[in-house]
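Participant: Before anything else, here's the structure in question.
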Amino acid sequence: MPENKPLVTCVITSYKRNKETVRRALDSVLSQTYAPLEILIIDDNRGEGSEVYSGALRELSEGRENVTVIKTENGHGAQRARNTGIENAKGKYVAFLDDDDEWLPEKTAVQVELLENNPEAGLSYSRGYLIDNTFDPPRIGQFIRGENLTFDELLLSDRIGTTTQAVIPKTVFEKVGMFDEALPARQDYEMWLRITREYKSIWSPQLLYRYYKEKGKEQLSHNWEKCVKGYEIIYDKYREDIEKSRGARFNFVFHIAHHLMEGANVTGDRQLKKRAVKKYAEAFVISPYLFLVQGSYVIRKVRRKIKAFFIRIKN
């Protein structure tokens, strides 16, 4: 890494998160071995009682010259907040951190070095820890990412995931555009597709972040419909590319079926279940092999989510 290291902007988006959780995220950035860092906390709090959360963000930034709080106008959700961060970023690179996750100390240094040594890359990402607090005691796992994933490989499966790990040259957004605020879900996946269609991606095998899955962070009763719509919109957006590949077609149809079934299991809606079964049948026709491989895993995953959901209700 050269002595004149490039400025990196960390964008922390925050919405109605308790102060100590945001402090954990902020401290993880302030503890980076890399400098210089610009930290933008995007205050997306809105509605009744939001001043409590906004006030906490201002308190956390006090006395820190490299930390700035930017309030969104009326609040428009996480993607508008991320885009506000990109628009205001002064850094050569833009990195993202959800307010309930955290970076490990070497994250910025490792990923910036990757990008500096690979100027043709438009995205860096890494492995990380999954801390699943929906279980008691919490389960700790790891995200296993594919190495230097391409656009065609990502059409087969979103193997990158959370924005918490991404570091991206700011010039990339000038070419591919900002996060799509019209998407109700899977905005991160769509952004990775958009970037890798134009640029290479670069991956680190090091574990560089902690992603926390909290009770209430994922509510099946509210999110399944957004996920279905998100996958449908992305399918339409990349239809020509998706329909060239049996694996890509399977990926989208199967995930739509999966989220429809989540909704049917939570709501008890029989019509929704019929739609899910129809989509599962379509996925099977596309690829019986992939259906058998993916089906067993997803069905187990759905069962765990449903069980955890009803345990939360009961408690």
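Read-outs: derived from the displayed coordinates by stated rules, not from any lab. Just so it is clear, the structure is predicted and the values come from calculations on it, not from any experiment. Every residue, glycine as well, gets a Cβ built from its backbone with ideal geometry; the counts of neighbours run over all protein chains shown.
Participant: Calculate the all-directions average of the projected area of segment 1-140's alpha-carbon convex hull, and give it in nm².
Facilitator: Convex hull of Cα atoms, orientation-averaged projection: 9.5 nm².
Participant: Taking 45 Å as R0, compute the FRET efficiency from the Cβ-Cβ separation of residue 281 and residue 118 and round it to 0.05. Spell out each step's value before the answer.
Facilitator: Values: r = 43 Å, r/R0 = 0.96.
Plugging the Cβ-Cβ distance into 1/(1 + (r/R0)^6) gives 0.55.
Participant: When the Cα centres of segment 48-126 and segment 135-151 are compared, how far apart do they sit, in Å?
Facilitator: So the separation of the two Cα centres works out to 21 Å.
Participant: Place the peptides 262-268, 45-51, 158-164 in order of packing, highest mean first, counting for every residue the other Cβ atoms within 10 Å and averaging per peptide.
Facilitator: Values: 262-268: 18.4, 45-51: 12.1, 158-164: 20.1.
Final packing ranking: 158-164, 262-268, 45-51.
Participant: Once every DSSP H run of n ≥ 4 in the chain is given -39500 (n - 2.57) and the sum is divided by its residues, what mean residue ellipticity at 222 nm do you get, rounded to the nearest 500 deg cm²/dmol? Mind showing how you got there, number by number?
Facilitator: On the way: 12 runs with 159 residues, N = 315.
About -16000 deg cm²/dmol.
Participant: Tell me the angle of helix 78-88 to the major Cα principal axis of the chain, expressed in degrees between 0 and 90 and rounded to the nearest ten.
Facilitator: 30
Participant: Give me the angle, in degrees from 0 to 90, between the Cα long axis of helix 220-237 and the longest principal axis of the Cα atoms of the chain, rounded to the nearest 10.
Facilitator: 90
Participant: Between residue 153 and residue 68, what length in nm is gained on full extension when 0.36 nm per residue of separation is reduced by their alpha carbon distance?
Facilitator: Numbers: separation 85, 0.36 × 85 = 30.60 nm, distance 3.73 nm.
Fully extending the segment from residue 153 to residue 68 adds 26.9 nm.
Participant: Kirkwood hydrodynamic radius (Cα pairs, Å) of the chain? Spell out each step's value before the answer.
Facilitator: Details: mean 1/r = 0.0486 Å⁻¹.
Mean inverse Cα-Cα distance, inverted, gives 20.6 Å.
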